[in-house]
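The values are calculated or read from the model by the stated rules, or taken from the named source; none is laboratory data. Source: prediction; values computed, not measured. Neighbour counts run over all protein chains shown; Cβ positions are idealised from the backbone, glycine included. SASA here: full protein model, heavy atoms, side chains in, ligands and nucleic acids out. Shrake-Rupley method; radii C 1.70, N 1.55, O 1.52, S 1.80 Å.
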Amino acid sequence: MTTTFDPIPATDLFQRALDRMLAAAKHSKIDPEALDRLRAPRTILQVSVPVRMDDGSLRIFRGYRVQHDDSRGPFKGGIRYHPQVDLAEVKALALWMAIKCAVVDIPFGGAKGGVEVDPKRLSPRELERLSRGFIRAIADVIGPDRDVPAPDVYTNARTMAWMADEYALITRKLQPGVITGKPVALGGSRGRDDATGRGGYYCLKEIETLRKWQPAQIRVAVQGFGNAGQHAARLLHSDGYKVVAISDSHGGIHCPAGIDIPVAIRHKADHGKLPESADYQRITNAQLLTLDVDVLLPSALEDQITGDNAGEVKAKVVLELANGPTTGEADRILHERGVLLVPDVLANAGGVTVSWFEWLQNRAGSYWTEAEVHDKLRKVMQKQFHEVRARMEPGNLSMRMAAYGLALDRLGAALSAGGTRQDFFSRP
Ligand code: NAD
């Protein structure tokens with residue numbers, strides 16, 4: 001495929017995200033000109049956010065909002081608080097959001113935000129000042145019809161409440177549709193809290209049917225016990241799956257007989273760490289990835305399964321609840337070894353799908369029951385899971401390549417709707 005556009009210099013994670021997209025374009029009908037338009041973000045905003053700390057000192061935090069593409073609808077993507085946030089990461093995450101919204105066929109584009117901060121070292125008052133300051137800094141580029149943020153790593157419904165309130169103060173009107181993942185009391189959607197884990201769970205239920213699994217015989221390991229990982233673990237546990245390992249940023253626990261997930265969730269909420277018991281063996285995050293299990297759920301951060309450890313992954317199914325947990329080299333190794341990898345752009349798309357439901361409810365001023373949200377989410381996930389699967393078969397494609405191919409067809413249709421080179425230069 002020829003290209004006419006020289007990409008701006010990109011650092012590692014973004015370049016790798018771009019390479020993956022370009023490789024997948026071979027499995028799509030996207031026009032080369034449309035593909036060129038997806039090679040670089042539309043907008044990159046870097047901001048400095050001054051925050052008065054509780055001890056009286058002033059600290060300046062660096063933040064970003066990257067808007068990748070809005071050809072299918074307003075930009076959409078979470079805001080991450082993490083000490084390792086950098087521009088390359090936010091750009092990669094924004095590109096993945098554009099692909100993800102197209103995979104589940106919802107009318108949004110892709111964006112992402114991030115602040116370089118260790119939120120565990122800030123008091124709640126400092127976090128509120130930072131969150132409000134970040135929204136003041138990016139207010140000009142967001143809005144319900146323009147760019148709609150949401151939670152990501154180390155941000156949550158309360159962070160979104162502060163941000164939505166700050167946006168209302170700036171614009172002097174209530175606009176709940178500017179942000180999703182809000183508390184239900186402030187216009188959030190029922191069912192948003194567990195939507196990411198639940199969307200992945202619905203994908204696994206389809207695999208359960210296809211492979212005729214008996215849940216009690218299926219061992220699951222979950223890396224990352226936050227919003228995405230906890231809810232997926234809880235739903236699988238309640239169906240009888242044996243969740244044998246979980247982890248957080250401090251490491252993991254392993255119990256071949258199965259971990260009591262509701263107890264672990266309560267313990268993590270009350271004490272900020274995983275439970276300890278004579279039955280639970282301490283393991284590292286690296287050990288968790290290569291345990292003898294059937295299903296692996298990377299649910300923390302990027303670049304966890306790499307060329308170095310992919311050959312040792314024993315799971316037969318990897319469900320990427322995190323964004324970008326598997327490198328390109330690991331992808332190839334897992335595919336060659338016959339591991340079914342459900343890619344992030346499908347597996348964790350339940351979160352943005354219910355964010356879309358929240359945005360629709362905010363615009364209509366009318367709210368759905370939790371059962372309605374679950375039902376609508378299940379239908380979206382099932383439909384798109386099988387659309388992606390159908391594209392795998394003819395060429396023995398990986399599920400990731402099939403999902404990207406489908407997304408690029410949809411993005412290409414929007415980007416080329418105004419005409420392509422042939423339309424403007426064809427001679428009678
Ligand atoms: P979270 O902040 O709720 O939880 C993150 C979890 O990861 C915590 O348990 C933390 O202890 C753990 N963690 C941090 N560093 C780790 C490390 N080095 N090794 C292992 N565990 C580590 O975040 P979340 O919302 O659950 O997000 C997790 C992943 O899911 C991210 O990749 C995020 O982009 C993705 N995701 C989240 C949503 C959402 O709606 N929350 C939607 C789509 C994708």
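For Gly252, the conditions (1) within 22 Å of Asp118 (Cβ to Cβ); (2) open to solvent by less than 50 Å² (accessible area, probe 1.4 Å); (3) in a loop (DSSP other than H, G, I, E, B) all hold with the exception of (3). Picking from residues in region 282-292 that are open to solvent by 60 Å² or more (accessible area, probe 1.4 Å), touching a Gly at 6+ places or on another chain (Cβ under 9 Å) and not in a helix (DSSP H, G or I), the one that is nearest to Glu329 (Cα to Cα) is Thr284. The set of residues from region 385-428 being basic (Lys, Arg), more than 30 Å from Tyr202 (Cβ to Cβ) and not in a loop (DSSP other than H, G, I, E, B) comprises just one member, Arg421.
The requirement of being polar (S, T, N, Q) and surrounded by fewer than 18 Cβ atoms within 10 Å (Cβ to Cβ) is fulfilled nowhere in region 293-305; no residue meets it. Looking across region 295-321 at every residue that is part of a strand (DSSP E or B) and away from the ligand (no atom under 16 Å from the Cβ), the one that is nearest to Leu406 (Cα to Cα) is identified as Val317. Scanning region 322-349 for residues that are within 21 Å of Arg378 (Cα to Cα), touching a Phe, Trp or Tyr at 6+ places or on another chain (Cβ under 8 Å) and near the ligand (Cβ under 8 Å from one of its atoms) turns up Asn323, Asp344. When Thr353 is tested against (1) in a helix (DSSP H, G or I); (2) β-branched (Val, Ile, Thr); (3) touching a Lys or Arg at 6+ places or on another chain (Cβ under 6 Å), just one condition goes unmet, and that condition is (3).
When region 47-97 is filtered for residues that are acidic (Asp, Glu) and either within 16 Å of the ligand (Cβ to nearest atom) or open to solvent by less than 10 Å² (accessible area, probe 1.4 Å) (or both), the ones remaining, listed by number, are Asp69, Asp86, Glu89.
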